[in-house]
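Have a look at the structure below, then the notes.
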Amino acid sequence: MRLKKAERQQLLKEKIEESPFIKDEELAKLFNVSVQTIRLDRLELAIPELRERIKTVATDKWKEMVKSLPVEEVIGEIIDLELDKRAISILNIQKEHVFSRNKIARGHHLFAQANSLAVAVIDDDLALTKKAEIKFMRQVKLGEQVVAKAKVIDRIEDGTTVIQVDSFVKNEKVFSGMFHMYRSSKTKEKDE
């Protein structure tokens with residue numbers, strides 16, 4: 001039995017508040033209506049699409065977590081973060097990121113995404129790049145989405161943290177970097 005529109009919209013609103021990452025397809029099955037009906041309901045209720053909901057929730061969460069720089073200064077959009085362990089960001093290559101004549105992304109944007117992610121993963125008020133060993137595997141083009149994955153590899157007693165960052169387009173590695181990051185405070189021992 002189908003719900004009346006007002007009832008469905010109220011339940012839809014509650015469901016999205018409860019689970020902000022739920023997909024329109026899942027909602028359509030839950031309420032036994034078409035995906036288009038869900039999209040129209042969301043539009044009437046001024047509820048953004050899934051991508052925008054993820055961005056809002058993630059940005060609010062990361063603002064509280066990232067210590068080493070303002071989250072707005074991270075190149076790309078952080079989608080996962082565990083301080084001093086790992087982080088993931090996404091960068092959609094747009095017109096401002098590419099050379100105008102060949103639509104290939106400028107290398108400094110890929111480096112900036114990886115470097116800022118290496119800074120963001122540090123659980124300290126100050127993190128600076130001490131040394132970076134980088135390699136570009138292939139050109140990235142306009143319209144491609146770059147997913148950068150940072151992983152803390154080592155913590156050295158002199159206050160250096162070593163972070164491996166690999167960037168992918170789909171499942172193809174396009175960039176790899178080993179970042180030696182200076183932090184203002186000595187790191188805790190791994191066992192603590």
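Here is how the numbers come out for the structure above:
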read-out	value
Residue 148 over 12 Å from residue 84 (Cα atoms) and under 14 Å from the mean Cα position of the chain (by Cα)	yes
Filtered residues of the stretch 92-124 (kept if touching a residue at least 60 places away in the same chain (Cβ under 8 Å) and either over 21 Å from residue 172 (Cβ atoms) or within 15 Å of the chain's Cα centre (by Cα) (or both))	110, 114, 115, 118, 119, 122, 124
Hey, residue 114 out of contact with any helix residue (DSSP H, G or I) (no Cβ under 9 Å at 6 or more places or on another chain), assigned by TED's automatic domain parsing to the domain that holds residue 94 and crowded, with 17+ Cβ neighbours inside 10 Å or not	yes
Spans of helices (runs of 4 or more DSSP H) in the stretch 20-91 with at least 1 residues surrounded by 13 or more Cβ atoms within 10 Å (Cβ to Cβ) and modelled with pLDDT of 85 or more	24-31, 35-44
Pairs with Cβ under 6 Å, 6+ apart, first in the stretch 164-184 and at positive phi, second surrounded by fewer than 19 Cβ atoms within 10 Å (Cβ to Cβ)	none
Odd one out for residue 139 among (1) within 18 Å of residue 74 (Cα to Cα); (2) at pLDDT 95 or above; (3) not in a strand (DSSP E or B)	(1)
Unmet requirement for residue 16, which otherwise passes all of (1) assigned by TED's automatic domain parsing to the domain that holds residue 122; (2) at pLDDT below 90; (3) touching a Lys or Arg at 6+ places or on another chain (Cβ under 9 Å); (4) surrounded by 16 or more Cβ atoms within 10 Å (Cβ to Cβ)	(1)
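Conditions (1) farther than 17 Å from residue 77 by Cα; (2) in a strand (DSSP E or B); (3) not hydroxyl-bearing (Ser, Thr, Tyr), marked per residue:
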{"residue": "100", "(1), (2), (3)": "yes, no, no"}
{"residue": "112", "(1), (2), (3)": "no, no, yes"}
{"residue": "132", "(1), (2), (3)": "yes, yes, yes"}
{"residue": "135", "(1), (2), (3)": "yes, yes, yes"}
{"residue": "149", "(1), (2), (3)": "no, yes, yes"}
{"residue": "163", "(1), (2), (3)": "yes, yes, yes"}
{"residue": "176", "(1), (2), (3)": "yes, yes, no"}
{"residue": "181", "(1), (2), (3)": "yes, yes, yes"}
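Yes or no, residue by residue, for (1) crowded, with 20+ Cβ neighbours inside 10 Å; (2) at pLDDT below 95; (3) not assigned by TED's automatic domain parsing to the domain that holds residue 109:
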position: 122; (1), (2), (3): yes, yes, no
position: 146; (1), (2), (3): yes, no, no
position: 155; (1), (2), (3): no, yes, no
position: 163; (1), (2), (3): yes, no, no
position: 168; (1), (2), (3): no, no, no
position: 192; (1), (2), (3): no, yes, yes
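The values are calculated or read from the model by the stated rules, or taken from the named source; none is laboratory data. As the structure is a prediction and not an experimental result, all values here were calculated from the model. Methodologically, a virtual Cβ is constructed for each residue, glycine included, from the backbone with ideal geometry; neighbour enumeration extends over all protein chains shown.
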